[in-house]
1. Give the stretch B:111-129 a look and list any residue that's in contact (Cβ under 8 Å) with a residue 40 or more places away in the chain and at the interface with another protein chain (Cβ under 9 Å from one of its Cβ atoms), or say none.
2. Looking at (1) among the hydrophobic types (A, V, I, L, M, F, W, C); (2) outside the structural domain of A:G8 (by TED's automatic domain parsing); (3) without any contact (Cβ under 8 Å) to a residue 24 or more places away in the chain, which is the only condition A:V144 fails?
3. Just name the residue that is farthest from A:D205 (Cα to Cα) out of those in the stretch A:220-269 that are of a type in the set (V, I, T) and surrounded by 19 or more Cβ atoms within 10 Å (Cβ to Cβ).
4. Kindly indicate whether A:L151 is modelled with pLDDT under 95, surrounded by 24 or more Cβ atoms within 10 Å (Cβ to Cβ) and in a loop (DSSP other than H, G, I, E, B).
5. Identify the single condition in (1) at pLDDT 95 or above; (2) over 16 Å from the mean Cα position of the chain (by Cα); (3) more than 13 Å from chain B (Cβ to nearest Cβ) that A:S58 does not satisfy, given that it satisfies every other one.
6. State yes or no: is B:L108 in contact (Cβ under 8 Å) with a residue 60 or more places away in the chain, more than 13 Å from chain A (Cβ to nearest Cβ) and of a type outside the set (G, A, S)?
7. Could you run through the stretch A:4-51 and say how many residues are away from chain B (no Cβ under 14 Å) and charged (D, E, K, R)?
Amino acid sequence: MDIAYFPGCTLHAKATDLDRSARAAAELLGIRFVELSKWSCCGASFPTAGGNLMTLASPVRALAQASREGGNLITLCAICYNVLKRTNHLVSNDTESQKKLAMFTDEDYSGQTRVVHLLELLRDEVGLDRLRDRLVSSMKGLKVAPYYGCLLLRPQNEILLDDPDRPQILENFLDSLGCDVVDFPFKTECCGSFLAVSAEEVATDMAHRIVDGAVRRGAEAIVGTCPLCQFNLDNRQREMATRYKEFRQIPVFYFTQLLALGLGLEEATIGMGQHFVDPRPLLSGKGLL
Amino acid sequence: MPLPEGAGGRAASISLSRRGLRSDFVAKVGEISGQNLMACNQCGKCSAGCPAAFAMDLLPNQVIRLVQLGLEEVLQSRTIWLCASCLTCASRCPKGVDLSRVMDTLRLIVLRSGKAALSLSDLEKEDLLQAPQLAFISAMRKYMP
């Protein structure tokens, strides 16, 4: 199947590993991402106060474009996913906002496009059992902690992906790859998000709580879904090492990298070189690289 | 640290009156956020779940309490700038109050008075060269008018 793809500003720049690994893996599974012919930055935050509709012009345009390019829209960035889904919810339920946006963008868009996440497609279109059968290497013995972050799940009545406090979709996916999934209490805890830029120490402490929590439960790696979480949990381990004595580093993957690994794709496609904490020693040790 | 230091609502004295409850400030916050502020009964689940509470001067539940009482000093807290909009509070509130919208509203009120909580020069740090651009976009959305 072909599906319209919204990359967002980050996927072609700082998160090319997420982009490449996802597209190559999806292609092997029969899903081809076709980048939207026209799109611009989603805005990176959904405005929730004071009728700030201007910032939704770009997401509305992307969604309207997608309605003409297949009717479905996939995105890999959790922020884009959140903004697009919430925009859809708004224009489907709030007639006044829908009309204002329609007048401004010249697009009479009212929620026709279906926004999906790759995890949903893997579960529903590919099927986790079929995925298991397609694996070239199983990740048995690799202990991974699933990390959802916040935007993938909340607000739960608008995103409708999974339970916001006890989600399972990422666990089930990792399980189908053969990983030993390690549950830990911080899997839906915020990584600090944009505080990484405005209040670095606070964000580092928030991210540390998550990383440390995973390590304490015996995880050898964390698996995430968002480029900003990746930065806070992976790159900021440099700061964590200086702030916390006895801090133990742990690699952080995008879920699509493990998927690509399991399907036998090459290292260059998986993109191991962009990590701060090099995951290659761990993977070689497990015979996966 | 680029964010405002915050008086934390620690005024020398706090004046409570019925006038405060009916002030324009309370009405404004209620209107812009679209939330029924009086529905909050101070159970504290928001503060218990907030991942940034450890760094805040006022706890999330204290923020909404000050708003309910019409105490505008809440706008001087550091808390409103440390909210990461993670929506944990909103997902747990048993009364259905979306505190993240209230936080956004309080920030908006300060930003619309022309004050920025972050300047571009605060972003000129080497380690941010690796940060994804979405971090800057969302930070600029939240902190600059």
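The values are calculated or read from the model by the stated rules, or taken from the named source; none is laboratory data. Predicted model only: the values in this text are computed from it and were never measured. Neighbour counts run over all protein chains shown; Cβ positions are idealised from the backbone, glycine included.
1. Just the residues of the stretch B:111-129 that are in contact (Cβ under 8 Å) with a residue 40 or more places away in the chain, to begin with: B:117-119, B:122.
Matches in the stretch B:111-129: B:A117, B:L118, B:D122.
2. Tallying (1) among the hydrophobic types (A, V, I, L, M, F, W, C); (2) outside the structural domain of A:G8 (by TED's automatic domain parsing); (3) without any contact (Cβ under 8 Å) to a residue 24 or more places away in the chain, A:V144 fails exactly one: (3).
3. Of all residues in the stretch A:220-269, those of a type in the set (V, I, T) come to A:222-223, A:225, A:242, A:250, A:252, A:256, A:269.
If we keep only those that are surrounded by 19 or more Cβ atoms within 10 Å (Cβ to Cβ) as well, we get A:222-223, A:225, A:250, A:252, A:256.
Details: A:I222: 17, A:V223: 19, A:T225: 20, A:I250: 16, A:V252: 17, A:T256: 26 Å.
Ranking the qualifying residues of the stretch A:220-269, first place goes to A:T256.
4. Numbers: modelled with pLDDT under 95: yes; surrounded by 24 or more Cβ atoms within 10 Å (Cβ to Cβ): yes; in a loop (DSSP other than H, G, I, E, B): yes.
Criteria met by A:L151.
5. Evaluating A:S58 over (1) at pLDDT 95 or above; (2) over 16 Å from the mean Cα position of the chain (by Cα); (3) more than 13 Å from chain B (Cβ to nearest Cβ) leaves (3) as the failure.
6. Numbers: in contact (Cβ under 8 Å) with a residue 60 or more places away in the chain: yes; more than 13 Å from chain A (Cβ to nearest Cβ): no; of a type outside the set (G, A, S): yes.
Spelling it out, it is not the case that B:L108 is in contact (Cβ under 8 Å) with a residue 60 or more places away in the chain, more than 13 Å from chain A (Cβ to nearest Cβ) and of a type outside the set (G, A, S).
7. Total meeting the criteria: 6.
Residue-wise test of (1) under 21 Å from A:A203 (Cα atoms); (2) out of contact with any Lys or Arg (no Cβ under 8 Å at 6 or more places or on another chain).
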| residue | (1), (2) |
| --- | --- |
| B:R18 | no, yes |
| B:R22 | no, yes |
| B:V26 | no, yes |
| B:I32 | no, yes |
| B:L37 | no, yes |
| B:C40 | no, no |
| B:K45 | no, no |
| B:A52 | yes, yes |
| B:M56 | yes, no |
